[in-house]
Amino acid sequence: MLNVFLAQQQEAIDAPGIDWAAILPLLIIFGAACIGVLFEAFLPRHMRWSSQVVLGLLALVSAGVALGAYASGSPERGVTTFSGTLSVDRPALFLWGTLLALSVAALLLIADRSVEPGGAFVAQAGIAPGTVQDRAQVGSTGMQTEVFPLALFALGGMMTFTAANDLLTMFIALEVLSLPLYLMCGLARRRRLISQEAAVKYFLLGAFASAFFLYGLALLYGYAGSVKLADIANATAGTDRSDTLLFAGMGLLMVGLLFKGSVGPFHTWTPDVYQGAPTPVTAFMAACTKVAAFGGILRVLFVGFESTNWEWRGVLWAVAIVSMAIGAVIGLTQTDLKRMIAYSSIAHAGFLLIGTMAITDDGLSGTLFYLLAYGFTTLAAFGVISLVRDSSGEATHLSAWAGLAKRSPLLAAVFTFLLLALAGIPLTSGFVGKFVVFSAALSDGMAPLVVIALVFSAIAAFFYLRVVVLMYFSEPAQDGPSVTVPGAFTTAAIALGVVVTLLLGVAPTFALDWAGAGGFAIGF
């Protein structure tokens, strides 16, 4: 009798179908992160850096190869797997490819030990700032190599976040990508107090944002009886239930998502964290976290709330305008380059939100392209910032960059090109990104918002051009900072960012075609 009962129970349980080929890139990244943790536990300290660098690059390349092999024959409308919790569709594949490519450049910046002798990360994370041990570790060649598996775990969380087909999976992925970043922000070798302050601020504000997300998830579950985006979409399409739970839940959910995307007025963590975190970590966050955040926003709005867009679009109009205003206007007052680019990212988040609100195929493809273009430009810009140094480390005050063209014409030219791309000047990826996003918004009836965006884009261009004028038309200080010759890793990261920025500006067709290859898969 017991055997018969067990057989009946086994028949009643259907194992969830898993498309292993579709999620192989994700498995490779998480598997490599776990192996990296074992490296930290069992390898001798002198072998860890080289082993972690090889493992990280091998994992990124392997995941990219697996992604390319699957994408070449993937279904046009994508597949859902893991009992419908993950949607591996064309937007998810594009975002995964973008994240993997950006992570290669970010990992190179993280691994570099020539710009800052010993690397940008503290030798021992447990050293208290200002102590004798802290001053001694600045001149040591050791490096806290736990940053490599932390970066891989964060990347895996970002990839899961962009493919999550239900809000609970999205919340778990949000925590997986966030917790490693909180730790990485506090690992700077120099200026340890400001680095740890950045980590604490990011953690506390991130915890509040996660709480908003989770509370919104609970309200939406109360409304739809499910956390799956497709079920929420069905509930919004035809139901006699009160909309209070729906829009309260959506509002709280969007607060958590907009926080991760550095969208004003939910941006308060961004300037302090960008300034205090180690520059390679700032580059990783500025590029990859924004891709993940807006990938999640796109999926939530397109799949879960498309039918209610007339109700929420007005609120997001206001949020986009506020974000652009904060980024452009307050960015004018900044005297620190890392904070300036932080406010630049807030303005760009407003531009991205315009494309996100256009619930059309053009809006989707334009936003995806913008994320790709912005990510590479920003990574390269932070790579350049790490090269101008004085006795205390990176010299990020604007006065330190006066007359840079006379000391290093090549570096000044590269940084000028990247700043012009951020400003959206033609023949750069920034111009094409803004053009396709604004075109999609115009086609969807948002002409007034596009006009406002153009005004703020012109205002933001001023603080980019101010840096260019400072580099070329000011005299360098006699005791000013020096320009460090970059090592192979930093050179490769900057070169990759510059080349992609140029190619997407003069020949964007391939990336635009891939970004517009298909829509979101909706799993039930």
Identify the residue in segment 101-120 that is in contact with a Pro (Cβ under 7 Å, 6 or more places away or on another chain) and crowded, with 24+ Cβ neighbours inside 10 Å and, among all such residues, is farthest from THR367 (Cα to Cα).
-> ALA120
Some residue of segment 473-487 being at negative phi, touching a residue at least 60 places away in the same chain (Cβ under 8 Å) and part of a helix (DSSP H, G or I) | no
Give LEU86, LEU99 a once-over and let me know the one that is in contact with a Ser or Thr (Cβ under 9 Å, 6 or more places away or on another chain) and modelled with pLDDT of 90 or more.
-> LEU99
Kindly indicate the residue of segment 1-42 that is farther than 17 Å from LEU150 by Cα and in contact with a Ser or Thr (Cβ under 7 Å, 6 or more places away or on another chain) and also modelled with the highest pLDDT among those meeting that condition.
-> ILE23
Filter segment 140-170 for residues that are within 30 Å of GLY126 (Cα to Cα), polar (S, T, N, Q) and touching a residue at least 40 places away in the same chain (Cβ under 8 Å) and give the result.
-> GLN144, THR145
Enumerate the pairs (first residue in segment 171-200 and farther than 12 Å from ALA120 by Cα; second residue anywhere and assigned to a helix (DSSP H, G or I) and among the basic types (Lys, Arg)) with beta-carbon separation below 8 Å, excluding pairs fewer than 6 apart on the same chain, so at least 6 apart or on different chains.
-> LEU174/LYS260; SER178/LYS260
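Rundown of residues vs (1) in contact with a strand residue (DSSP E or B) (Cβ under 7 Å, 6 or more places away or on another chain); (2) under 25 Å from LEU364 (Cβ atoms); (3) not in a loop (DSSP other than H, G, I, E, B), yes/no style:
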{"site": "VAL54", "(1), (2), (3)": "no, no, yes"}
{"site": "VAL65", "(1), (2), (3)": "no, no, yes"}
{"site": "ALA69", "(1), (2), (3)": "no, yes, yes"}
{"site": "SER83", "(1), (2), (3)": "no, no, no"}
{"site": "SER87", "(1), (2), (3)": "yes, yes, yes"}
{"site": "PRO91", "(1), (2), (3)": "no, yes, yes"}
{"site": "GLY97", "(1), (2), (3)": "no, yes, yes"}
Go through segment 395-451 and give me each residue that's closer than 22 Å to GLN478 by Cβ, of a type in the set (Gly, Ala, Ser) and assigned to a helix (DSSP H, G or I).
-> SER399, ALA400, ALA405, ALA412
Matching residues in segment 76-91 (among the aliphatic types (A, V, I, L, M) and either surrounded by fewer than 24 Cβ atoms within 10 Å (Cβ to Cβ) or farther than 23 Å from VAL61 by Cα (or both)) number 1
Which condition number in (1) assigned to a helix (DSSP H, G or I); (2) surrounded by fewer than 18 Cβ atoms within 10 Å (Cβ to Cβ); (3) hydroxyl-bearing (Ser, Thr, Tyr) is the one that SER226 fails?
-> (1)
Answer yes if at least one residue in segment 236-250 is surrounded by fewer than 17 Cβ atoms within 10 Å (Cβ to Cβ), on the phi > 0 side of the Ramachandran plot and part of a loop (DSSP other than H, G, I, E, B), and no otherwise.
-> no
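The values are calculated or read from the model by the stated rules, or taken from the named source; none is laboratory data. The shown structure was predicted, so the numbers you read here are calculated from the model rather than taken from an experiment. Cβ coordinates were reconstructed from backbone atoms using ideal geometry, including for glycine residues, and neighbour counts include every protein chain displayed.
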